[in-house]
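Okay, so here's the structure we're looking at.
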Amino acid sequence: MKELVVLSGKGGTGKTSIVASFAALAQSKVIADCDVDAADLHLVLSPTVKETSEFWAGKTAAVDRERCTQCRLCQELCRFKAIHDFTVDPLSCEGCGLCYQVCPAEAIRMEDNLAGHWFISETRYGPLVHARLGIAQDNTGRLVAAVRQAALKVAAEHGFNLLLTDGPPGIGCPVISSLAGANLALLVTEPTLSGRHGLERVLGVCRHFGVPALVCINKFDLNEENSCHIEERCYAAGIPVAARIPFDNAVTEALVRGVPVVEYSNGSACRHMAALWGRVRQALG
Amino acid sequence: MIVSVASGKGGTGKTLVATSLALSLEDQGVQLLDCDVEEPDCHLLLRPTITENEAACVPVPAIDEARCTFCGRCSEVCAYHALAVLPQKVVVFPELCHGCGACAHLCPEKAISEVSREIGAVEVGHCGEIEFVQGILNVGEAMATPLIRAVKARAKKGGTVIIDVAPGTACPVVESLKGSDFCLLVTEPTPFGLYDLALAVETARRLYLPCGVVINRDAPGYSGTEDYCRREHIPILLKIPLDQHIAVLYSRGIALAQGMPEWRGRFLSILQDIRSLVGLRT
């Protein structure tokens, strides 16, 4: 089983467009969208949902006003300032349960939290596992883990040996969770100062967790000087730059039409994405 | 007035808008808080002089094993599985700890104290007259929320505060948005942009925040975003065109309001519109 995770650090560099094209090019694989709180891959792959599962994680406190004696102990002890006027704000409550434990009137209950849903779907390109985290929810990393586990199970059922994951932006818990089990991380960057900065940080996460990385510079001709800086930096650190994809309007046009770039045009971005897939497949072994 | 700049989708131009808003107000007194603590990048456009760097810490349990009877109560009450009690040892998993204090408070032997664990830093400085604060989460740290709280604790009352928010809709975004007067949502006119915009609007509405939209990289060909805003009665406060010159300036780390000063007036107008919209609601 080989797992490829596509990350970026900074958002908006082109992860999802690239994963969608890989989905069209790769054989015998399961696709996972681990960008669970702003999942977009389904907009290009047009899935038919076959199975929906509820994601329950954590708890939220609730005060029974009839039993509450207004002693204020819960309000004083809550580290997250989630209780005001003897009412719990579910957006601030982190479900620690301290209020429930200390309430002398036993007026607080902890309720299980429906934090989101995840889906096993069919697409033209094979099975897709994706999710929708509820608004303002915590436990993002756990939902990412659930998506990944479900995708591995689907892969085993189909006899597939490749998991292709569209990762989230940033470096926090959803990114860390998506890297668990990854054989290779493809880091998509852009030649802007923000892109370079984001690349450094997400490279740091990959190093921290021992995941080898390849870099792709997307829209490289936007600023060739920055692109050269990125290449020099990667070369000095022994990280292969697997592609430099030029800016191509076809990428946005394909997105608007809801199809992968490699199916929409055979222009420059398309050819570079296909070549990138070849290199990635080789690196995966 | 506190204006949060958010998006849902990453890469739409939040930082471009947040820094340009701050620059447009620089002679009127403004503070910019970069709450995208996983990937703070306002500093790349503003190049502030940093005058203070303070470690941001969270409390984690420390067990006094001389007092501990290994009763297991701490592990039982911990909602995050951050403590495991073995026959003669208690193991703490600090990266799972949310710092709620339940274990320390409830230990029957008073054998748990709390020590500080560093998760990142808060930096304070200025860029000209703009007051600047950013949070930088340490690489390998999972939780952004406590650091975002530490950044927001530096917000000054009375003036205008612009907050650059992380992408998405999860709890770091909610923590950043809480307490704002207005949520300015930056989007791009594509199906990805629209889908995530709708999620971001839902998040802002959950917090009872009035919203407005900035469409960045605007070009003809997709009307979904404008149709959505019209249906939902969300004002479109600015459109920034798809323009290679703007993209190149950004790639060089030059803020729009600096590289093309004619835009300052337009960003000032957004703020005036926001003031009216906030005023109408209160």
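The values are calculated or read from the model by the stated rules, or taken from the named source; none is laboratory data. Since the model is a prediction, treat every value here as computed from it, not as a measurement. Note: ideal-geometry Cβ built from the backbone for every residue, glycine included; neighbour counts use all protein chains shown. Keep in mind that these areas ignore ligands, DNA and RNA; they rest on the heavy atoms of the full protein, side chains included. Shrake-Rupley method; radii C 1.70, N 1.55, O 1.52, S 1.80 Å.
Structure values in brief
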read-out: Spacing of the two label points (7 Å from each Cα toward its C-beta) at B:Arg231 and B:Asp27, in nm; value: 4.4
read-out: Pairwise label distance in nanometres, A:Glu157 with B:Asp273, each label 7 Å out on the Cα-Cβ vector; value: 4.8
read-out: Segment A:88-120-segment B:48-108 distance, computed between alpha-carbon centres (Å); value: 20
read-out: Percent of beta bridges antiparallel (DSSP, the protein assembly as shown, rounded to nearest 5); value: 50
read-out: Distance from segment B:246-281 to segment A:13-36 (C-alpha centre basis), Å; value: 35
read-out: Rounded to 5, the percent of DSSP beta bridges in chain B classed as antiparallel; value: 50
read-out: 1.4 Å probe accessible area per residue over chain B, in Å²; value: 40
read-out: Mean ellipticity per residue at 222 nm, deg cm²/dmol - from DSSP H runs of n ≥ 4 across chain B, formula -39500 (n - 2.57); value: -9500 deg cm²/dmol
read-out: FRET E, pair A:Glu122, B:Arg252, Förster distance 60 Å, beta-carbon r, rounded to 0.05; value: 0.85
read-out: Gyration tensor verdict on segment A:1-42 (Cα atoms; rounded if a/c is under 1.5, prolate if a/b is larger than b/c, oblate otherwise); value: prolate
read-out: Solvent-accessible area, 1.4 Å probe, carbon plus sulfur percent, for chain B; value: 53
read-out: Relative contact order of segment B:167-282, defined on C-alpha pairs under 8 angstrom at six or more residues apart (%); value: 23
read-out: Average accessible surface area per residue within segment A:62-123, 1.4 Å rolling probe, Å²; value: 55
read-out: Calculated FRET efficiency for the pair A:Arg279/B:Asp243, C-beta based, R₀ 25 Å, to 0.05; value: 0.15
read-out: Whether segment B:6-58 is rounded, prolate or oblate, judged on the alpha carbon gyration tensor where a/c under 1.5 counts as rounded; value: oblate
read-out: Estimated [θ] at 222 nm from DSSP helical runs (n ≥ 4, -39500 (n - 2.57)) normalised by residues in chain A, nearest 500; value: -11500 deg cm²/dmol
read-out: For segment A:218-246 versus segment B:146-210, the gap between their alpha-carbon centres in whole angstrom; value: 32
read-out: Segment A:63-180, accessible surface, carbon-and-sulfur percent (1.4 angstrom probe); value: 48
read-out: Rounded tilt (10° steps) of B:191-206 against the dominant C-alpha axis of chain B; value: 60
read-out: Candidates per trypsin sites (Lys or Arg not before Pro) in segment A:210-285, loop by DSSP, up to 15 other Cβ within 10 Å; value: none
read-out: Per-residue SASA entry for A:Asp248, accessible area with 1.4 Å probe, Å² rounded to 10; value: 30
read-out: Estimated distance in nm for a label pair at B:Glu65 and B:Leu86, the labels positioned 7 Å out from Cα along Cα-to-Cβ; value: 0.9
read-out: Segment A:152-218: Cα Rg divided by the 2.2 N^0.38 Å rule of thumb; value: 1.22
read-out: Three-way shape label, the protein assembly as shown, alpha-carbon gyration tensor, a/c 1.5; value: oblate
read-out: Ranked by how many other beta carbons lie within 10 Å on average, peptides A:191-199, B:212-220, A:234-242 from highest; value: A:191-199, B:212-220, A:234-242
read-out: Residues in segment B:231-252 that, when all protein chains are in place, have 40 Å² or more less accessible area than the chain alone would give (probe 1.4 Å); value: B:Tyr250, B:Ser251
read-out: Chains A and B together, accessible area buried on both sides, 1.4 angstrom probe, square angstrom; value: 4700
read-out: For segment A:168-213, residues shielded by at least 50 square angstrom of accessible area compared with the chain on its own, probe 1.4 Å; value: A:Ile171, A:Leu193, A:Ser194, A:His197, A:Arg201
read-out: Cα-Cα over 31 Å, subset of A:Lys2/A:Lys59; A:Lys15/A:Lys81; A:Lys81/B:Lys156; value: A:Lys2/A:Lys59; A:Lys15/A:Lys81
read-out: Residue-averaged beta-carbon neighbours from other chains (10 angstrom radius) around B:186-194; value: 4
read-out: Chain A - percent relative contact order, Cα under 8 Å, separation 6 or more; value: 27
read-out: Chain A: proportion of alpha-carbon pairs further apart than 27 angstrom, %; value: 46
read-out: Unmatched cysteines, chain A - criterion: no other Cβ of a Cys under 4.7 angstrom; value: A:Cys34, A:Cys68, A:Cys71, A:Cys78, A:Cys93, A:Cys103, A:Cys173, A:Cys206, A:Cys216, A:Cys228, A:Cys234, A:Cys270
read-out: Peptide-level mean, for A:70-80, of C-beta atoms on other protein chains within 10 Å; value: 2
read-out: Folded to 0 to 90 degrees: helix B:14-24 orientation relative to chain B principal axis, Cα; value: 70
read-out: Interface residues in segment B:81-116 - accessible area drops by 30 Å² or more relative to the isolated chain, probe 1.4 Å; value: B:His98, B:Cys100, B:His105, B:Leu106
read-out: Extension gain from A:Phe209 to A:Arg271, taking 0.36 nm per residue of separation minus the Cα-Cα distance; value: 19.1 nm
read-out: DSSP-defined antiparallel bridges as percent of all bridges, segment A:99-228, nearest 5; value: 60
